[in-house]
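The values are calculated or read from the model by the stated rules, or taken from the named source; none is laboratory data. These figures come from a predicted structure and were not determined experimentally. As a convention, Cβ positions derive from the backbone with ideal geometry for all residues, glycine included, and neighbour counts pool all protein chains shown. Accessible surface is based on the protein model in full, side chains and every heavy atom, while ligands, DNA and RNA are left aside. Shrake-Rupley method; radii C 1.70, N 1.55, O 1.52, S 1.80 Å.
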Amino acid sequence: MTIVNKDNLKKIFFFALILSIVFGYNDKSETFIFNNWLINFILIYIFSFISIFVHEFGHLFAAYLLGCKLNLRLIGLRRYYLATKSYLKNSFKIGLILPILVTLFSNGYLYLTTISDYDVKEDKHRRLGKKFPRISEWELAKIAVLAPVFSILLAAIFKILNITFLSVSPVTMNIWIAVLNILPFPLLDGYKTFIYSKLLFVVSILFIFITALLLNNLGGISALFYSLALAVILFFLYLLYPHVKK
């Protein structure tokens, strides 16, 4: 069993194309020159692929370690109302449509990077010997959270590399991917993490948000060090809060 199979890899290539439209639609130049735009778009696609591959690898790697199979897919809306019978025959692929619409209406100045979702199920043979044969909520939370954490770590690495020849820096790209996906909205990684482990959600969202803020003013290594320290402190304050309140 490989971590990234051919089917998921094909989907990652497609996700990267959507991201390249999101980030490369507007090359930020004063005058439009097609050759310059095309070169920038191709470079954006390369870094979009790296970024989304690392993001999805977070999910796939966690699932692999936990003895699970994971199938990537576009975020899809499967029901249009709260009623039981309000299910769509085919899911509405908002992971494809919304990012492109936001890009077009904002002329490429807003980036919607919430594209992918996944299905996960146990691999019975690989879970032999584990404490629980069925995947636990704590394990599901780890599968969800590792992707945005990998994205913010990649942003820090790109900050160290100081890549500045693109219309949108790889640092910015991965900050958007990490921050938007860790938000606790339905279908997103943050929502799944929040549902399955509120404590893990608190730690991860603090770490990602603080790192994102510090990356704008500090180097990659410094930002990671200070954000991790602050996240740990705020996490312990979160744990102590109920006792202090009493």
Exercise. Could you count how many residues in the stretch 58-75 are open to solvent by less than 60 Å² (accessible area, probe 1.4 Å) and assigned to a helix (DSSP H, G or I)?
Worked result: 5
Exercise. If LEU166 satisfies every condition in (1) assigned to a loop (DSSP other than H, G, I, E, B); (2) open to solvent by less than 30 Å² (accessible area, probe 1.4 Å); (3) free of Cβ contacts under 8 Å to residues at least 60 places away in the same chain but one, which is the exception?
Worked result: (3)
Seminar exercise, completed: Residue pairs qualifying under the 7 Å Cβ cut-off, at least six apart or on distinct chains, with the first in the stretch 34-62 being closer than 19 Å to GLY95 by Cβ and of a type outside the set (Gly, Ala, Ser) and the second being assigned to a helix (DSSP H, G or I) and open to solvent by 30 Å² or more (accessible area, probe 1.4 Å), are TYR45/LEU17; PHE49/PHE13; VAL54/PHE150; HIS55/PHE150; PHE57/PHE150; HIS59/LEU146
Exercise. Can you name the condition, by its number, that LYS192 falls short on among (1) outside any helix (DSSP H, G or I); (2) out of contact with any Ser or Thr (no Cβ under 8 Å at 6 or more places or on another chain); (3) crowded, with 18+ Cβ neighbours inside 10 Å?
Worked result: (1)
Exercise. Which condition does ILE205 not pass, out of (1) part of a helix (DSSP H, G or I); (2) over 15 Å from the mean Cα position of the chain (by Cα); (3) surrounded by fewer than 23 Cβ atoms within 10 Å (Cβ to Cβ), if it passes all the others?
Worked result: (2)
Exercise. Just wondering, is there one or more residues in the stretch 101-116 that are at pLDDT below 90, outside any strand (DSSP E or B) and out of contact with any Lys or Arg (no Cβ under 8 Å at 6 or more places or on another chain)?
Worked result: no
